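Asks: If you scroll down you'll find the structure; I have some questions about it.
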Amino acid sequence: MSKICSFFLCVLPLLVALSMPECLRAQKGIAPRDLWCVAKNNAADQALQESIDWACGPGGANCGPIQQGGPCYDSSDVQRTASWAFNDYYLKNGLTDDACYFSNTAALTSLNPSFDKCKFPSSLSVNNGSISSSAGTIQMRPDSADLSSSNRVVGTWFLPLVTSYLLVAFTWLVQ
């Protein structure tokens, strides 16, 4: 009788573990959130300008919309200008915290920074390596993070682990 109870105590965690991947993979009940990378409101204008220069230059952000004549051009508001550059860089570089840092002058927000005719694409607008927006589709660089197949990890380590666990439990029960 004690071997049967022990066996069920071994199997119970296994059953719980087997039920987790489906819940985690689909993330049922959790709505995805739009996120934008924007300039912090307490960042110094000089620091923001330096970050804009980097993002629009070596960083590779599409800064056409914040140039004179663009829908997001506002020479009097460096925060709005920086927010466009930061957000474009963030979307093109894997949606990571590191891609929204800019020497601690940027932060992620769920509040849409769009204004007038300037529509900021969000993290949810990134799809299959491109960013869809009202201004068209922007291709992401090939070295950007693509996490679309990240749930395949379950097949590479989880199933062999479960199989090994069952073999050990069965062998122990038969002895």
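Asks: Hey, can you grab everything whose amide H is under 5 Å from the amide H of residue 115? Only 5+ residues off in sequence or another chain; H modelled, so Pro and N-termini drop out.
Replies: 120
Asks: For the residue pair residue 74 and residue 115, what label-to-label distance in nm results when each label sits 7 Å from Cα along the Cα-to-beta-carbon direction?
Replies: 0.1 nm
Asks: Still on this structure, please answer the following. Which cross-chain or sequence-distant (5 or more) residues have an amide H under 5 Å from the amide H of residue 106, H modelled 1.01 Å from N in plane?
Replies: 40
The numbers here are math on the coordinates, done by the rules we state, and not lab data. Remember, it's a predicted structure, so these values are computed and weren't measured experimentally. Note that each Cβ is placed from the backbone with ideal geometry, even for glycine, and that neighbours are counted across all protein chains shown.
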